[in-house]
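The structure under discussion appears below in the form of structure tokens.
The values are calculated or read from the model by the stated rules, or taken from the named source; none is laboratory data. Keep in mind that what you see is a predicted model, and the values were worked out from it rather than measured. Cβ coordinates were reconstructed from backbone atoms using ideal geometry, including for glycine residues, and neighbour counts include every protein chain displayed.
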Amino acid sequence: AALSDLCREEAHTPFDLSRGPLMRARLIRLADEEHVFLLTQQHIVSDGWSMGVLMRELNSLYRAFVAGQDDPLPPLAIQYPDYAAWQRQWLSGERLQTQAQYWRNALSGAPARLALPTDRPRPAQQSFAGAGVPVVIDAALTRGLKRLASQHGTTVFMTVLAAWAAVLSRLSGQDDVVIGVPSANRGRREIEELIGFFVNTLALRVDLSGAPSLAQLLERTRRTALAAQEHQDLPFEQVVEIVKPPRALDHTPLFQVMLAWQNNTVGSLDLPGL
């Protein structure tokens, strides 16, 4: 019971963004040979990809230190502030204009909201309360999706995105659907091993007008996804400022539905003696 209270207290203790630190570690000893290690990070310094880096490095460091060896990790070529300075310099001038113009054109006239048939009115202000409903795609259906994607020159992600757009179109009666997609935004080799917040959000607008065939919908979705990835460097909040969609407290701007494709493996701790 005491451990449960400590875990709850740790998870709910806020971070001071103006002072830091933005990561906390806590070791709780239950007995001579039994401990619980809590590691809490503010999301602003660590994204999903970072968790895989963290797990690999914890494994390497623990194994080395248990064996009395030195730090085995190679020195980082760059740090997060280097990336932030580079991004600010790189995303300027003509590059900034090109990216801004793409999103202005891509999202011009997009519907402000997805009109899903809900069983109660949307609250005047979002509460962010939610729940989960697990749906499992079995092995046979997965093989079918991979085969379909291969036949049409798409990835499985694009295929699932097209299907999700079709479902949302049927439910809403809209043939113009915008879906948010998180992007790892780690397009350069130098930043793959950094722990930090690189992730961005892309607003993908899928055109379902004219009752397209499956092949046509997959091709439209493929073009949309590739174009968005080519222009993924512009932060989402800047895209919102550029597009200037209608704003209200009861829904998020540009999209209210997301598809998070999480195919990066976080891994697990494999520590000798534990």
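Details
- All of (1) assigned to a helix (DSSP H, G or I); (2) touching a residue at least 40 places away in the same chain (Cβ under 8 Å); (3) over 19 Å from MET258 (Cα atoms); (4) among the aliphatic types (A, V, I, L, M) hold for LEU145 with one exception: (2).
- All told, SER150 falls short of being without any contact (Cβ under 8 Å) to a residue 12 or more places away in the chain, closer than 28 Å to ILE195 by Cα and out of contact with any helix residue (DSSP H, G or I) (no Cβ under 8 Å at 6 or more places or on another chain).
- Every pair of residues 6+ apart whose Cβ atoms lie under 7 Å, when the first sits in the range 9-30 and is acidic (Asp, Glu) and at pLDDT 95 or above while the second is exposed (fewer than 13 other Cβ atoms within 10 Å of the Cβ) and outside any strand (DSSP E or B): none
- Of residues in the range 76-95 being touching a Phe, Trp or Tyr at 6+ places or on another chain (Cβ under 9 Å) and assigned to a helix (DSSP H, G or I), the one surrounded by the most Cβ atoms within 10 Å (Cβ to Cβ): TYR83
- Failed condition for ALA162, given (1) buried (at least 17 other Cβ atoms within 10 Å of the Cβ); (2) farther than 21 Å from PRO245 by Cβ; (3) touching a residue at least 60 places away in the same chain (Cβ under 8 Å): (3)
- Selection status of ALA100, among the small types (Gly, Ala, Ser), loosely packed, with under 13 Cβ neighbours inside 10 Å, assigned to a helix (DSSP H, G or I) and at pLDDT 90 or above: no
- Checked against the criterion of being at pLDDT below 90 and touching a Pro at 6+ places or on another chain (Cβ under 9 Å), the range 66-81 has no qualifying residue.
- Scanning the range 232-252 for residues that are in a loop (DSSP other than H, G, I, E, B) and in contact (Cβ under 8 Å) with a residue 40 or more places away in the chain returns GLN232, ASP233, LEU234, PRO245, PRO246, LEU249, ASP250, THR252.
- LEU202 part of a helix (DSSP H, G or I) and without any contact (Cβ under 8 Å) to a residue 60 or more places away in the chain: no
- Condition check for VAL135: surrounded by fewer than 17 Cβ atoms within 10 Å (Cβ to Cβ), among the β-branched types (Val, Ile, Thr) and in a helix (DSSP H, G or I): no
- The residues of the range 200-219 that are surrounded by fewer than 18 Cβ atoms within 10 Å (Cβ to Cβ) and either hydroxyl-bearing (Ser, Thr, Tyr) or in contact with a strand residue (DSSP E or B) (Cβ under 9 Å, 6 or more places away or on another chain) (or both), listed by number, are ASP207, SER209, SER213.
This table checks each residue for (1) outside any loop (DSSP other than H, G, I, E, B); (2) closer than 24 Å to PRO272 by Cα; (3) acidic (Asp, Glu); (4) in contact with a Gly (Cβ under 9 Å, 6 or more places away or on another chain).
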position	(1), (2), (3), (4)
PRO14	no, no, no, no
ALA25	yes, yes, no, no
ILE28	yes, yes, no, no
LEU38	yes, yes, no, no
ARG56	yes, yes, no, yes
TYR62	yes, yes, no, no
ASP70	no, yes, yes, no
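Yes/no per residue for (1) out of contact with any His (no Cβ under 9 Å at 6 or more places or on another chain); (2) surrounded by 15 or more Cβ atoms within 10 Å (Cβ to Cβ); (3) under 25 Å from SER183 (Cβ atoms); (4) of a type in the set (Gly, Ala, Ser):
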site	(1), (2), (3), (4)
GLY109	yes, no, yes, yes
LEU116	yes, no, yes, no
PRO121	yes, no, no, no
THR142	yes, no, yes, no
MET158	no, yes, yes, no
